[in-house]
Amino acid sequence: MECVKLILQASEPLSHAGLASFLRCCPEVELLPAEERAGAQVVVFACEQLTVDVVAMLRRTAVVTRLPVVLVLREITESELLIAVECRVVSILPRAAVTRERLVHSVLTAANGGGVMPSNLVGELLKHIERLQREVLAPNGLNAAGLTPREVDVLRLMADGLDTNEIAGKLCYSERTVKNVIYGVTHRLKLRNRSHAVAYALRAGLI
């Protein structure tokens, strides 16, 4: 199995040295020098807590690398958890619970598109998603993927290969309405084109 390449960042040298010693002993992962971050698949970031400076560092890392982040820290609050997720953090490891095996497992999981979090944090995330659905999405007629029922209907017919005129006939809309729906989806969700919009809906399990 090909090893996962990662870069390591830390808010202070001692944490960096300790985690680096863990990672260098594991054949499943390869720790890259900071200047070779273009070849990395995952970022491991260590800090004591999410201070303003640390959040700024995480945001810069997210913008520059666009990579999933494994965050190692002493403690984190509910509000800080949401900030961390916005910074592409997919796994959180409390410092007191870090072992070589857990760290490598988190890195491999992140590289494969998954995440690892303590159960209490998963509960907090689920509660936040429920509030988001209840207070923001549902009042605006949106589902968790950010699509309205009308948009889902149009995308489903697009996935079946129908053109704009055929979709309009099936749904009893004008062609202009169908085009406006497609434009609204692609513009709001920053999708490149119709095919990208259909792929998005497929991945979300809506069609």
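There is at least one residue in region 139-153 that is of a type in the set (A, V, I, L, M, F, W, C), open to solvent by 50 Å² or more (accessible area, probe 1.4 Å) and modelled with pLDDT under 70.
Looking for something more than 30 Å from residue 40 (Cβ to Cβ) and either open to solvent by 40 Å² or more (accessible area, probe 1.4 Å) or at pLDDT 85 or above (or both) - is there at least one such residue anywhere in region 188-195?
Applying the first criterion (more than 30 Å from residue 40 (Cβ to Cβ)) to region 188-195 yields 188, 194.
Applying the additional criterion that residues be either open to solvent by 40 Å² or more (accessible area, probe 1.4 Å) or at pLDDT 85 or above (or both) yields 188, 194.
Within region 188-195, one or more residues are more than 30 Å from residue 40 (Cβ to Cβ) and either open to solvent by 40 Å² or more (accessible area, probe 1.4 Å) or at pLDDT 85 or above (or both).
Can you find even one residue in region 5-23 that is open to solvent by less than 40 Å² (accessible area, probe 1.4 Å) and closer than 19 Å to residue 121 by Cα? Reasoning before the result, please.
First, the residues of region 5-23 that are open to solvent by less than 40 Å² (accessible area, probe 1.4 Å): 6-8, 10, 15, 18-20, 23.
Going one step further and asking which of them are closer than 19 Å to residue 121 by Cα, we end up with none.
Checking region 5-23: not a single residue is open to solvent by less than 40 Å² (accessible area, probe 1.4 Å) and closer than 19 Å to residue 121 by Cα.
Would you confirm whether any residue within region 93-101 is out of contact with any His (no Cβ under 8 Å at 6 or more places or on another chain) and small (Gly, Ala, Ser)? Yes, there is a match, as at least one residue in region 93-101 is out of contact with any His (no Cβ under 8 Å at 6 or more places or on another chain) and small (Gly, Ala, Ser).
Going by the conditions given, is residue 75 assigned to a helix (DSSP H, G or I) and loosely packed, with under 12 Cβ neighbours inside 10 Å? Break it down into steps so the answer makes sense when it comes.
Numbers: assigned to a helix (DSSP H, G or I): no; loosely packed, with under 12 Cβ neighbours inside 10 Å: yes.
The answer is no for residue 75.
Put simply, of 70, 64 the only residue that is closer than 21 Å to residue 117 by Cα and surrounded by 11 or more Cβ atoms within 10 Å (Cβ to Cβ) is 70.
The values are calculated or read from the model by the stated rules, or taken from the named source; none is laboratory data. Because the structure is predicted, anything quoted here is derived from the model rather than measured. FYI the Cβ positions are ideal-geometry reconstructions off the backbone, even for glycines, and counts take in every protein chain you see. Side chains included, ligands, DNA and RNA excluded: accessible areas come from the protein's heavy atoms. Shrake-Rupley method; radii C 1.70, N 1.55, O 1.52, S 1.80 Å.
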